[in-house]
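Beneath this line is the structure, given in structure tokens, with notes to follow.
Here, each number is a calculation from the coordinates, and none is a lab measurement. Computed from a predicted model, the values in this text were never measured in an experiment. Note that we place each Cβ from the backbone using ideal geometry, even for glycine, and neighbour counts take in every protein chain shown.
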Amino acid sequence: MMPSRQDWLIIGALALAALLLGAITGAWTAMLLLAVLVWVVLQHRELSTFVAWARRPLTRPRNRLETWQRLSDHLYRRLRESRGRTARALERLRTLKVITDALPDAAVIVDRVGAIEDFNRAAGAFLRLKHSDRGANLAALVRHPEFVSLVRGQHTEDLVEFASPFDDDRRLEARRIPIDSRRALVLVRDVTQLNRLLTMRQDFVANVSHELRTPLTVVVGYLETMSSEALDAATLRELLGKLESPTRRMRALVDDLLLLSRLESSPQPDPESLTPVDVCAVIRGCIGEARVLSGGKHRFECECDRTQQLLGVENELYSAILNMLTNAVRYSPDGGDVTITWAARGAGARLAVRDQGIGIAPEHLQRITERFYRVDLARSRVRGGTGLGLAIVKHVLKRHGSALQVESELGRGSTFFCDFPAHAVRRTSPTPQEAP
Ligand code: ADP
């Protein structure tokens, strides 16, 4: 610590005072000693002030002498800078922790032998890791041969998929990413849903191919017969007539597939852009088509409240109602009654299609809206079903804020119904001829 100008001034003043007092009193030594004592007292006071501040250096130091002031101010500034740096680093750490904890995948940092250094929140859920597991070996806590060799860096691939040791229904995918020569990051994600979707997609492609192949084989068979044999005009006409049914089936299937894919891929209809649909008019149109399918063998009854209109997409509602009605025809014996009702229910409205058909056993009810799920495949095919009807109904209703419900009794019939929420229903006043 270099003496400042102020120090020299004080030393000079003290020496001058000692000389003057020495000259007056003649006690030179005593006066010089007194001057030194005053200097020591001053320095001691500054030292005490400095020590008191240094114990809790949160506010500005209070030294008065310039040399001490310079020293303590310098230390105070450095302390503040380093406090600021620490606070910023802590903030960054906190943000990083929040980010890693928000990740849906488990992230674990392990050392060369697999000992856990740190992990995020998802690792607690997927791998059941606890705070006390820090330092333990990850391979010992999650015991699956493939995972263990991955954690130890001994696996040939950097990615393994395995069944969760904690939950048989879950499939996990783990990846090891080296960070430096000492550590690696092990990422684990739940691929159960992804696998399910992939299986569904494979099943779907297999189903579509199978559904198309059957009528296509029939068409090809007839075409081969027609081209290989010399046939008279009447036989040719008869064979051409036989092509109609399989081609109609293929067309129905392609139409349903296109509609389903449109329903799945198009965004939810904007409630603002929906217009009130005259459900009774839609029902009338659908009954007309269902009558054609029935060939006059079923009786149709319609109880329709014309004052209830539905905010929706008309052609989608048409497809849904037609599918429910044609199913009622398909799965009812000749002579059966089919009743469709559209009426207010609570603040909303209910649509219901009731038949007296073959009914559905309870164990099938959960699955009948799955694509290509049929209780009786042969009956569905013979009656022109594509296996996609109820999947279409389910999607249309979902897009209109409703859901398909079924009540059915084997051998007695079924009721397919759905309730629409109040905000989707518009009540109009009855026209004079409808008013009671
Ligand atoms: P499909 O084209 O085969 O009718 P859907 O998706 O419309 O396909 O229906 C799925 C299955 O649900 C049908 O194959 C049938 O087994 C059953 N099902 C649907 N509606 C009825 C009904 N009204 N009565 C009895 N079973 C029905």
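Place +1 on the Cβ of every Lys and Arg and -1 on the Cβ of every Asp and Glu in the chain, take the dipole about the Cα centre, and give the residue among Tyr373, Ala422, Pro165 whose Cα lies farthest towards its positive end.
Projecting each Cα onto the dipole axis, the largest value belongs to Pro165.
Let me check against my output: what whole-number percent is the relative contact order of region 140-211, with C-alpha pairs under 8 Å and at least 6 apart?
Values: 80 pairs, mean separation 14.2, N = 72.
Dividing the mean separation by the residue count of region 140-211 yields 20 percent.
DSSP beta bridges in region 279-436, what fraction antiparallel, as a percent rounded to 5?
Among the beta bridges of region 279-436, antiparallel pairing accounts for roughly 80 percent.
Using the 10 angstrom Cβ neighbour count as an exposure proxy, how do Leu260, Leu96, Leu388 rank, fewest first?
Lowest count first: Leu96, Leu260, Leu388.
Give me the angle, in degrees from 0 to 90, between the Cα long axis of helix 28-55 and the longest principal axis of the Cα atoms of the chain, rounded to the nearest 10.
So the inclination is approximately 10 degrees.
Rounded to the nearest 5, what % of the DSSP beta bridges within the chain are antiparallel ones?
90 percent
Any idea which of Val338, Gly384, Pro362 is furthest toward the positive side of the dipole for region 324-421, if Lys and Arg beta-carbons carry +1 and Asp and Glu beta-carbons -1?
Result: Gly384.
Which far-off residues, 5 or more places away or on another chain, put their amide H under 5 Å from the one on Gly357, with H placed in the peptide plane?
Hits under the 5 Å cutoff: Gly413, Ser414.
Taking the chain as the reference, fit the longest principal axis to its C-alpha atoms, fit the long axis of helix 389-399 to the helix C-alpha atoms, and give the angle between the two in degrees, 0 to 90, nearest 10.
40 degrees
Order of Lys394, Lys297 from fewest to most other C-beta atoms within 10 Å?
Ranked by crowding around the Cβ, least crowded first: Lys297, Lys394.
Mind pulling the angle between the C-alpha long axis of helix 314-330 and the longest principal axis of the chain? Nearest 10 degrees, somewhere in 0 to 90.
Once rounded, one gets 50 degrees.
Write out the cysteines belonging to the chain for which the nearest other cysteine Cβ is not under 4.7 Å, or none if no such cysteine exists.
Cys286, Cys302, Cys418
Given +1 on the Cβ of Lys and Arg, -1 on the Cβ of Asp and Glu, and no further charges, what dipole in debye does region 130-194 carry about its Cα centre, rounded to the nearest 20? Before the final figure, lay out the partial values.
Numbers: 11 positive and 11 negative charges, 80 e Å.
It comes to approximately 380 debye.
Taking Cα centroids, how far is region 246-301 from region 116-131 in Å?
Measuring centre to centre over Cα atoms gives 51 Å.
Normalised by the residues of the chain, what does the relative contact order come to in percent, with Cα pairs under 8 Å and at least six apart? Present the calculation step by step, with values, prior to reporting the outcome.
Numbers: 592 pairs, mean separation 38.5, N = 436.
Result for the chain is 9 percent.
Please work out the Cα center distance from region 158-215 to region 333-372, rounded to the nearest Å.
When both Cα centres are located, 37 Å separates them.
Which order do Val38, Val148 fall in if you start with the one that has the fewest other Cβ atoms within 10 Å?
Ascending Cβ contact count within 10 Å gives the list Val38, Val148.
Mind ranking 229-236, 399-406 by how tightly packed they are, going by the mean number of other C-beta atoms within 10 angstrom, highest first?
The most tightly packed comes first, giving 399-406, 229-236.
Grab the DSSP H runs of the chain that are 4 residues or longer, score each as -39,500 (n - 2.57), total them, divide by all residues and round the 222 nm result to the nearest 500 deg cm²/dmol.
Theoretical 222 nm ellipticity from helices: -17500 deg cm²/dmol.
In debye to the nearest 20, how big a dipole does region 1-100 give about its Cα centre with +1 on each Lys and Arg Cβ and -1 on each Asp and Glu Cβ?
980 debye
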